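The values are calculated or read from the model by the stated rules, or taken from the named source; none is laboratory data. In this text, all values refer to a predicted model and were calculated from it rather than measured experimentally. When we count neighbours, we look across all protein chains shown, and the Cβ atoms used for this are built from the backbone with ideal geometry, even at glycine.
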Amino acid sequence: MVLSNRIKKINVSPTMKIAQMAIELKSKGESILDLSIGEPDFPTPQNIKDAAIKAINENFTKYTINSGTIELRKAIAIKYNRENGLKYSPSEIIVSNGAKQSIYNAIQAVVNDGDEVIIPSPYYASYPEMVLLAGGYPKFIMTNEETNFKISSQQLRNSITEKTKLLILCSPSNPTGTVYTEEELKELITVIEKEKFFILSDEIYEKIIFDNCKTKSIAALNQEIKERTITINGVSKSYSMTGWRIGYAAASEKIIHAMNKLQSHSTSNASSISQAAALEAITGQQESIINSRKEFEIRRNKFYDKISSIQGIKCFKPHGAFYLFPNTFSFVGKRYNSYAILNSASLAEFILREAKVVVVPGSAFGAEGYIRMSFAASIENLELASNRISDALMKLT
Ligand SMILES: Cc1ncc(COP(=O)(O)O)c(C=O)c1O
C-alpha cells in the first residue's frame, strides 16, 4: 500500500519539532514563553462574540451558499471599495475556512502541472507546499534585511520564464513584517504588465501596520492587473478571530467560480455562525482594530529595542504584522557545553532549552540564519523573553 505521490511531495510544518519539544518541557513543569504563535493574544471583541451567539439562538446553524452568505459578501465588497479602492461585486468574492483555504483554492484554480510560481523569500511556510500540491514549482526570489526584505523589479524580471503562472506577494509580510509602498508596487507592475501570469496578493495583515505607513492593494493600481489578481484577506489577524476560520478572496468572476467549484467539493461553506460573526466584525465598531494596532506598535518598539541591542543580532524593524525576524548568522558555528549551533533549527532548540523561549527557525520560511519571534505576547513576557534570550546567547562562544 503506497501513499500518493502528491502527498509525498510535501512536508509537515517545520515548526512541529520545536512545538513538540516545547510541549515536553512544559509537561515537566518548565516555565516556557511561547513566541512561536501566529495569532493575536487579544480576545475576540464582544460585539463579534454576541453576533455569533445571536446566530446560534436564531438557528442560523445550517448550510449557507457555498461561497458565503450574500450579506457577508456584500459587506466584503463594500469594505474593498471603501478601504482598498477596489470595486468587486459579491459574485467576485468567495468566503472560505480561513485565508489559508482561499489561498489553497486560488493556487489549485490557476496552477497546472509544471507551472512555475514566483515566491519572494522569506515566505509564509504554506505557499511552497500548496504550489507543490498543485503540481507546480516554487521559484524563490531571495531577499534580506539589506533590501528591507523586498524584491526589486530587476529580480522579478530575472525570475520570469515562459512557465511562470503566478506571483505570490505578501504585504505586510509574515515572517518579516516588511510592507511594500505604492511606489514599489508600481515599480513591480512595470515588469508584470508585459507578462501574462496571475498575482496572488495576501493582505491578511493589512490592519496591523506601524509608523503611519500605508498598505496598498496591487489590484487597485490598474484595471488590467486587477483582472489577473486574487486579493486575499480575512478576519483572523485583524479581529483576533483565528479560531473562527473565516478568510476571503476577491478576483474576476472566472477565478472565483473556479475556486467555488473546488470548495463545493471539499469543505463547502465556512461555518454559518462564524460568517455571522465575521459580518459583525466587518460592519460593526472598528475600535478594537485601532486599539490592537496601537498595542502591537508599543510592543514592537519595546521588543525591537531589546532584541536589536543583543550583541551579534542584526534586526530589521518591521512595519507591519507582529513578528521580529532577526538575522542570527553570527551565532552559527558557536558552541556551549553540548550544544553546537549548526543552523537556525539548532539555534531555536538551544534558545528553547537554555532560555526557555519558543522561537521558529528561519528555515521554516526559507531563510536559514534567521529566527522568527512573535510579539503577540504581553510586554512583561516580551521583556522576560528578551532577557532570557540575551543571557543564553551570551553563553555561546
Ligand atoms: C501570511 C499569511 N497568510 C495567510 C494566513 C492564514 O490565515 P487564516 O488563519 O485566516 O487561515 C496566515 C496565518 O498565519 C499568514 O500568516
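Just to be sure, is ALA392 farther than 15 Å from GLY312 by Cβ and either in contact with a helix residue (DSSP H, G or I) (Cβ under 6 Å, 6 or more places away or on another chain) or at pLDDT 95 or above (or both)? When the stated conditions are applied, ALA392 does not pass them. As a summary of the residue check, ARG245 satisfies the conditions (1) in contact with a Gly (Cβ under 6 Å, 6 or more places away or on another chain); (2) more than 13 Å from the ligand (Cβ to nearest atom) except for the one numbered (2). Within the stretch 212-231, track down each residue that is part of a strand (DSSP E or B) and within 18 Å of ILE78 (Cβ to Cβ). Result: THR231, single match. How many of the residues in the stretch 14-55 are surrounded by 14 or more Cβ atoms within 10 Å (Cβ to Cβ) and either of a type outside the set (Gly, Ala, Ser) or within 16 Å of the ligand (Cβ to nearest atom) (or both)? Within the stretch 14-55, residues that are surrounded by 14 or more Cβ atoms within 10 Å (Cβ to Cβ) and either of a type outside the set (Gly, Ala, Ser) or within 16 Å of the ligand (Cβ to nearest atom) (or both) number 25. Residue count for the stretch 314-330 under the criterion of being more than 16 Å from the ligand (Cβ to nearest atom) and crowded, with 20+ Cβ neighbours inside 10 Å: the result is 4. For the stretch 240-270, the set of residues classified as in a loop (DSSP other than H, G, I, E, B) and either surrounded by 18 or more Cβ atoms within 10 Å (Cβ to Cβ) or not polar (S, T, N, Q) (or both) consists of SER240, MET241, ARG245, ILE246, ALA251, HIS265, ASN269, ALA270, listed by residue number. Given the condition more than 13 Å from the ligand (Cβ to nearest atom), at pLDDT 95 or above and not in a strand (DSSP E or B), answer yes or no: does some residue in the stretch 166-180 qualify? Checked against the condition, which is being more than 13 Å from the ligand (Cβ to nearest atom), at pLDDT 95 or above and not in a strand (DSSP E or B), the stretch 166-180 yields at least one hit.
Would you check if there is a residue in the stretch 19-42 being in contact with a Phe, Trp or Tyr (Cβ under 9 Å, 6 or more places away or on another chain) and among the polar types (S, T, N, Q)? Looking for residues that are in contact with a Phe, Trp or Tyr (Cβ under 9 Å, 6 or more places away or on another chain) and among the polar types (S, T, N, Q), one finds none in the stretch 19-42, hence no. Looking only at the stretch 284-305, which residues are within 23 Å of ASN387 (Cβ to Cβ) and surrounded by 19 or more Cβ atoms within 10 Å (Cβ to Cβ)? Within the stretch 284-305, PHE296, ARG299, ARG300, PHE303, TYR304 meet the criteria. Every listed requirement among (1) hydrophobic (A, V, I, L, M, F, W, C); (2) more than 15 Å from the ligand (Cβ to nearest atom); (3) touching a Ser or Thr at 6+ places or on another chain (Cβ under 8 Å); (4) touching a residue at least 40 places away in the same chain (Cβ under 8 Å) is met by PHE149 save one, (2). Meeting the requirement of 1 or more residues that are under 20 Å from the mean Cα position of the chain (by Cα), more than 27 Å from HIS319 (Cβ to Cβ) and outside the structural domain of PRO318 (by TED's automatic domain parsing), the helices (runs of 4 or more DSSP H) wholly within the stretch 78-162 are 99-110, 126-133. Applying the set (1) outside any loop (DSSP other than H, G, I, E, B); (2) within 26 Å of the chain's Cα centre (by Cα); (3) farther than 30 Å from GLU253 by Cα to GLU24 leaves exactly one unmet item: (2). Residue pairs whose Cβ atoms lie under 9 Å apart, sitting 6 or more positions apart in sequence or on different chains, and linking a residue in the stretch 371-397 that is farther than 16 Å from PRO361 by Cα to a partner that is among the small types (Gly, Ala, Ser) and exposed (fewer than 14 other Cβ atoms within 10 Å of the Cβ), are SER386/SER309; SER390/SER309. Is it the case that ILE65 is over 30 Å from ILE351 (Cα atoms) and touching a helix residue (DSSP H, G or I) at 6+ places or on another chain (Cβ under 7 Å)? It is false that ILE65 is over 30 Å from ILE351 (Cα atoms) and touching a helix residue (DSSP H, G or I) at 6+ places or on another chain (Cβ under 7 Å).
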